[in-house]
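Visitor: Pasting a structure here, questions to come.
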């Protein structure tokens, strides 16, 4: 018997906030013991596909800041105008991709924003070739192009609602949301390298079924 396949459900449970204890599930109904009874993802289902994983880029180096002063500034990797990934952030994304491969999570595509830190994060996953979609850009870049908050939200909603190819998942690598109103509080509170697990429903509909904090990936690596 293939041991990796035999123990995959157990390992996947470790990636989330534990199988028997409390999970960080957005919008779940809490039981008497504080364990969600609804909205809780069966982590092993990620191996069956059908989810969108929204990943905020890895940890960045805060000694650098974005400078919103030139056309397409958000596409630059020049640290004089762009906040890059830190060494820790690069390690986070490398490890995340490694765990996904070991857990045999099938990925159809990795789509990133046009920001260098998001593009780098997607590449460091080392899963499949990446593509970029400006709808995933941080609000500063979209406002620079005179896009309204409603337009930003509509672009995100379309990506979250689109079902992946059968048996696979789609990974979106982007940013915390700062438009108003947010599609869900999960996106406006997202830490660097944290993941929101989304179940697309088509026609603009989606459900948030869980979150994976970066420490869960680190726990899986030990």
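Visitor: Which of 208, 171 comes first, and how do the rest follow, when ranked by fewest Cβ neighbours within 10 Å?
Guide: By the 10 Å Cβ count, ascending: 208, 171.
Visitor: Right, another one. Convex hull volume of the Cα atoms in segment 95-194, per residue, in Å³?
Guide: 98 Å³
Visitor: Another question, if that's okay. Taking segment 141-222 on its own, what percent of its Cα-Cα pair distances exceed 16 Å?
Guide: 58 percent
Visitor: Something else about it: When a footprinting reagent is the concern and you count Cβ atoms within 10 Å, what order do 214, 176 take, fewest first?
Guide: 176, 214
Values quoted throughout were computed directly from the atomic coordinates according to the rules given, and no laboratory measurement underlies them. From a predicted model like this one, the values you see are computed outputs, not experimental measurements. Note that we place each Cβ from the backbone using ideal geometry, even for glycine, and neighbour counts take in every protein chain shown.
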